[in-house]
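The values are calculated or read from the model by the stated rules, or taken from the named source; none is laboratory data. The structure presented is a predicted model; accordingly, all values stated were derived computationally and were not measured. Cβ placement follows ideal geometry from the backbone for every residue including glycine, while neighbour counts extend to all protein chains displayed.
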Amino acid sequence: MTIQDAIRLIDKTKSVLTIQDNEIRIILHNGTSRTFTDFDTAINFITISHRPQLAVDTKLLVWDDGEGYDKTKRYFSHWDHDGKPVVFKYGGTSWNTPLDYTCAYDNWEYVD
């Protein structure tokens, strides 16, 4: 994750990050705070703390960052270690798709 990505994540989740004496302190929107010595671990804490609980096969719209990426309807599988939604490829669900036949996307939203 780049510094710019981390700043966007902190802003998006309304978290606070402070650095003092080689320690990184994260305060989440709900007041929970933790101190870290490693930047990646600190950012991962924000990512993991803001993942909603989604049931497998929840219908989502997913897309990647950048130009030319359209929103695509897919079914949720799990979260990856970076907090990205992992979905079943080609519109499959857990009923008809092997669990390792998945891919992660940068962005997502619920489908009504």
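For this structure, a couple of remarks:
- Selection within region 29-55: residues that are within 15 Å of the chain's Cα centre (by Cα) and not in a helix (DSSP H, G or I). The member of this set that is surrounded by the fewest Cβ atoms within 10 Å (Cβ to Cβ) is Gln53.
- Selection count, region 65-81, where residues are modelled with pLDDT of 90 or more and either surrounded by 17 or more Cβ atoms within 10 Å (Cβ to Cβ) or assigned to a strand (DSSP E or B) (or both): 7
- Flag for Ile3 being surrounded by 13 or more Cβ atoms within 10 Å (Cβ to Cβ), modelled with pLDDT under 90 and aliphatic (A, V, I, L, M): no
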